[in-house]
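Engineer: Once you've had a glance at the structure underneath, I'll fire off some questions.
Please treat every number below as a calculation from the coordinates, not as lab data. Source: prediction; values computed, not measured. All Cβ positions, even for glycine, are placed from backbone atoms using ideal geometry, and neighbour counts span all protein chains on display.
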Amino acid sequence: MRKEQEEKEREEWKRKIKEAENDKETQENIKQQQREWEEEKKRQMRKLEEKERKRRERHKKQLREKQEELENKRKKFERERDKEEQMIEEEREEQKKERKKKERREKE
């Protein structure tokens, strides 16, 4: 859409230059205005590109932070799960010892 608009404006500049064919001063004036217009378009484009680049960088940074956060949560969950499994295993061992101890007492 923007490119189409710029192309229309360029065609308008060409038309104005053609119309001023017989008046060199006016023609040079129009050409100067066209150069200034082209420079302004370039400046605007650079500004838009810079803005877009910064937006992508922010997004990339946010994504990286979110991934780090998720990875930390996953590691924490794994540690807690391992700890829970260890406690369950220790409890089983303790119960096993108690049963053996009880069995020995009953045999005596």
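Engineer: Taking a threshold of 31 Å on the Cα-Cα distance, which of the pairs K18/K42; K76/K101; K41/K66; K18/K41 fall above it?
Structural biologist: K76/K101; K41/K66
Engineer: Match the structure shown to one of the listed values (i) 22.6; (ii) 21.5; (iii) 13.7 of Kirkwood radius over Cα pairs in Å, computed from it, and give that label.
Structural biologist: So the structure-derived entry is (ii).
Engineer: To make sure I understand, if each residue's beta carbon is the centre and we count other beta carbons within 10 Å, what order do I17, I88 fall in, fewest to most?
Structural biologist: I88, I17
Engineer: Report, in degrees rounded to the nearest 10, the 0 to 90 angle that the Cα long axis of helix 24-107 makes with the longest principal axis of the chain.
Structural biologist: 0
Engineer: Still on this structure, please answer the following. Could you work out how far helix 2-19 tilts from the main Cα principal axis of the chain, as a 0 to 90 degree angle to the nearest 10?
Structural biologist: 10
Engineer: Something else: For region 1-104, build the charge dipole from Cβ charges (+1 Lys, Arg; -1 Asp, Glu) around the Cα centre, then report which of H59, I17, M87 sits farthest towards its positive end.
Structural biologist: Going by the charge dipole, the pick is M87.
Engineer: If the reach is capped at under 20 angstrom between alpha carbons, list the aspartates and glutamates near K60, excluding any in the same chain fewer than eight residues apart.
Structural biologist: Once the sequence-local aspartates and glutamates are set aside, what remains near K60 is E49, E50, E52, E68, E69, E71.
Engineer: Please tell me which of these pairs span more than 23 angstrom C-alpha to C-alpha: K3/K47; K16/K51; K75/K96; K73/K96; K8/K31; K14/K51?
Structural biologist: Long pairs (Cα-Cα over 23 Å): K16/K51; K75/K96; K73/K96; K14/K51.
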